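The values are calculated or read from the model by the stated rules, or taken from the named source; none is laboratory data. All of these numbers come straight from a predicted model, not from anything done at the bench. With ideal geometry, Cβ positions are generated from the backbone for all residues, glycine too; neighbour counts draw on all protein chains shown. Accessible surface areas use protein heavy atoms only, side chains included; no ligands, DNA or RNA. Shrake-Rupley method; radii C 1.70, N 1.55, O 1.52, S 1.80 Å.
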Amino acid sequence: MIIIITVVIPTNRYACIKEIIKKSIDPYKGILFRFEIHDSSPDGKIENFVLPYQKKRKDIFAYYRYSSAISAGDKTMNALENVSTEYFWLMGDGNIIDFNKMEILLREKISDYTVVDVESLNRIGHMGQDKGYMYEQIYECSDIRLYAKKYFSHLTYWGAQIIQVRYFQKCYKNGILKKYRMHQIPWWIACSLFDLLACSAQRQEKVKLGIIYTDHVKNNPVKKDHWWSKDECYYIYTFTKFNQGIELLSSFYSDDVKKEIIKVFRKDALVSNYYLINLRAMDNLKLEMLRKYKQEIDVLPGFYRKMYLYHLMPQILAKFLDYLKTEIKPLYFRMKRRMLR
């Protein structure tokens, strides 16, 4: 029996969807994937563009229209609750994926796994982890707490999770999702998943967790940075809400494990040196914000001081360094890919 993975794409961005259809969905000729676009844009541009593709590829392609007033979280929860295939892949519109080449998941026996974290090839060795891993190969991790410490951060991002549908639907039945949505935690999918994994461990239920690094997943070039990174939302999401979400996690995860999850999450991207330069360049690394959220930032020592020092950087220097990063980083990743091959 051939399993099916439904690729769920919540969006309201016309340019992103146009790029995804052109580079990811329209070229697809395989047997593993089906696609759903969940559109909450304020006009009909996406619908008018997508419907001809739906008619042409109706065997693998579905389109759903929502009110523009719906939140991204509510729309996505609704989409995931109604997936009828064996797995879902919550892709979002920030990725371009070569789905023809991702048929390697059949070779790697994805049907044996409950959850697979999908990482881009660039991330092998990121922050020193998984340096010796080969790409295009699923590795198993049998320790749920270790899996949380290493991969919780990335599993907060849409595009990272391939999850067995019947397993994740327990989050709805057991009220786990409701807990995180009630507290308005933006990182609800990873929090819910790891709460569910904790329940499985405590009940001695068998789950199989995987990680794959692949060169077939890349960033969508027309997707800009997170909309919430340009104002106070950055501080609310990165510190207040993330800390709250981790605090709500099951006691199966010790305080030390929870602190490690927070540390990896911050160092992974949103409080990295690169990202702080970007924040300073866009003038969103403000002393008033640092002081206002000092208690949440100081949950882990050292991060407040680091952010304070970056806030002292002249903005013109930050803009120059940010420009260099955008020019040099792609070159570095291209060199890294060649070395890994």
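Determine, from the Cβ-Cβ distance of Tyr64 and Glu288 and an R0 of 41 Å, the FRET efficiency 1/(1 + (r/R0)^6), rounded to the nearest 0.05.
0.50
Assuming 0.36 nm per residue, please report the length gained on full extension of the stretch Thr240 to Arg166 beyond their Cα-Cα distance.
That pair, Thr240 and Arg166, stretches by 23.5 nm at full extension.
Tally up the carbon and sulfur contribution to the accessible surface of the chain as a whole percent, 1.4 Å probe, everything protein left in place. If you can, show how the numbers build up before the last one.
Values: 8500 of 16380 Å².
The value for the chain is 52 percent carbon and sulfur by accessible area.
With a Förster radius of 35 Å, plug the Cβ-Cβ distance of Lys224 and Leu300 into 1/(1 + (r/R0)^6) and report the FRET value to the nearest 0.05.
Numbers: r = 28 Å, r/R0 = 0.81.
With R0 = 35 Å, the Cβ-Cβ based efficiency is 0.75.
For Cα extents along the principal axes in Å, the listed values are (1) 67, 56, 48; (2) 78, 50, 45; (3) 57, 47, 46; which was obtained by calculation from the structure presented?
Correct label is (3).
List every DSSP H helix in the chain whose Cα atoms extend 20 Å or more along the helix's own long axis and whose mean Kyte-Doolittle hydropathy is at least -0.5.
188-202, 315-340
Which percent, to the nearest 5, of DSSP beta bridges fully inside the chain are antiparallel?
Roughly 35 percent of the beta bridges in the chain run antiparallel, per DSSP.
In whole Å, how far is the Cα centre of the range 48-70 from that of the range 84-153?
Here the answer is 27 Å between Cα centres.
What is the set of long-range amide H partners of Ala62 at a cut-off below 5 Å, with H atoms built 1.01 Å from backbone N?
When sequence neighbours closer than 5 places are left aside, the close amide H contacts are Phe35, Glu36, Ile37.
For the range 231-340, calculate the relative contact order in percent as a whole number, restricting contacts to Cα pairs under 8 Å that are 6 or more residues apart.
Taking the mean separation of contacting Cα pairs over the length of the range 231-340, I get 29 percent.
Using a ≥ b ≥ c from the Cα gyration tensor of the range 231-340 (square roots of the eigenvalues), is it rounded, prolate or oblate, where a/c under 1.5 gives rounded and otherwise the larger of a/b and b/c decides, a/b for prolate?
oblate
Full extension from Met134 to Asn100: what is 0.36 nm times the residue separation minus their Cα-Cα distance, to one decimal in nm?
Between Met134 and Asn100, full extension yields 10.3 nm more.
When the solvent-accessible surface of protein heavy atoms is calculated with a 1.4 angstrom probe, in what order do Lys179, Lys173 fall, highest first?
Lys173, Lys179
Treating only the Cβ atoms of Lys and Arg (+1) and Asp and Glu (-1) as charged, compute the dipole magnitude of the range 145-259 about its Cα centre; round to the nearest 20 debye.
The dipole of the range 145-259 has a size of about 420 debye.
In the Gaussian network model of the chain, springs joining C-alpha atoms below 10 Å, which of Tyr293, Tyr323, Tyr234 carries the largest mean-square fluctuation?
Tyr323
What accessible area per residue comes out for the chain, rounded to a whole number of Å², with a 1.4 Å probe?
48
Once the convex hull of the alpha carbons of the range 156-308 is built, what does its volume come to per residue, in cubic angstrom?
Dividing the Cα hull volume of the range 156-308 by its residues yields 137 Å³.
For Ala201 and Ser250, calculate 0.36 nm times their separation in residues minus their Cα-Cα distance, and state this gained length in nm to one decimal.
Between Ala201 and Ser250, full extension yields 16.5 nm more.
Amide H neighbours of Ile96 under 5 Å, counting only residues 5+ apart in sequence or on other chains, H built in-plane at 1.01 Å?
Long-range HN contacts for Ile96: Lys218, Asn219, Asn220.
Would you work out the relative contact order for the range 5-219, in percent, from Cα pairs under 8 angstrom that are 6 or more residues apart? Spell out each step's value before the answer.
Details: 343 pairs, mean separation 56.8, N = 215.
Taking the mean separation of contacting Cα pairs over the length of the range 5-219, I get 26 percent.
Which log10 I(q)/I(0) values, to two decimals, does the range 136-227 give at q = 0.13, 0.14 Å⁻¹ under the Debye formula with one point per Cα?
-0.51, -0.58
Excluding Arg166 itself, what net charge comes from residues whose Cβ is under 13 Å from its Cβ, given Lys and Arg +1 and Asp and Glu -1?
-1
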